[in-house]
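Novice: Here it is: the structure, laid out below.
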Amino acid sequence: MKAVYTNLNDENYRMLELLSTSKGIKKNHIINEALSCYFDTLKSVPETYMVHPLVISEEEFARIEEQSRSTEALKRLMNED
């Protein structure tokens, strides 16, 4: 077995800790099982059906967020009985 060292984001680490503690499963087992499922999926699902994550910059996110704000007219329309 080979060792791999990596950084996890806070939410993934929290979920890993929670699952490991609540189920009594070692973290390396959880990670190995997750990777096995991921690799099995990559082998069995055609690439055309795979949905890849969308990565955008903070500036782009701010621009999209600003454009999607509700106007006062839309708010009035949505609040009509």
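We did not get these values from a lab; they are worked out from the coordinates using the rules stated. Here the structure is a predicted model, which means the values were calculated and not measured. Every residue, glycine as well, gets a Cβ built from its backbone with ideal geometry; the counts of neighbours run over all protein chains shown.
Novice: With P(r) over Cα pairs in 10 Å bins from 0, in percent defined as stated, name the option among (i) 13, 22, 16, 13, 13, 13, 8, 2; (ii) 12, 24, 25, 20, 15, 4, 0; (iii) 15, 15, 13, 12, 11, 9, 8, 6, 5, 3, 2, 0 computed from the structure displayed.
Specialist: Recomputing P(r) over Cα pairs in 10 Å bins from 0, in percent here picks out (ii).
Novice: Magnitude of the Cβ-charge dipole of region 10-79, K/R +1 and D/E -1, about the Cα centre, nearest 20 debye?
Specialist: With Lys and Arg at +1 and Asp and Glu at -1, about 360 debye.
Novice: In nm, to one decimal, how far is the Asn12 label point from the Cys37 one, both placed 7 Å along Cα→Cβ?
Specialist: Each label point is offset 7 Å from its Cα along the Cβ direction, giving 1.4 nm.
Novice: Same structure, new question: Mean Kyte-Doolittle of at least -1.0 and a Cα length of 24 Å or more along the axis: which whole DSSP H helices of the chain meet both?
Specialist: Those that pass (Cα extent of 24 Å or more, hydropathy at least -1.0) are 27-44.
Novice: Something else about it: Please turn the phi angles of region 46-55 into ³J(HN,Hα) values with the Karplus equation 6.51 cos²θ - 1.76 cosθ + 1.60 (θ = phi - 60°), one per residue in order, whole Hz, x for glycine and proline.
Specialist: Values, residue by residue: x, 3, 5, 9, 7, 10, 8, x, 8, 10 Hz.
Novice: Any chance you could run the full-extension gain for His52 through Thr71? It's 0.36 nm times the residue separation minus the Cα-Cα distance, nm to one decimal.
Specialist: 3.6 nm is the gain from fully extending His52 to Thr71.
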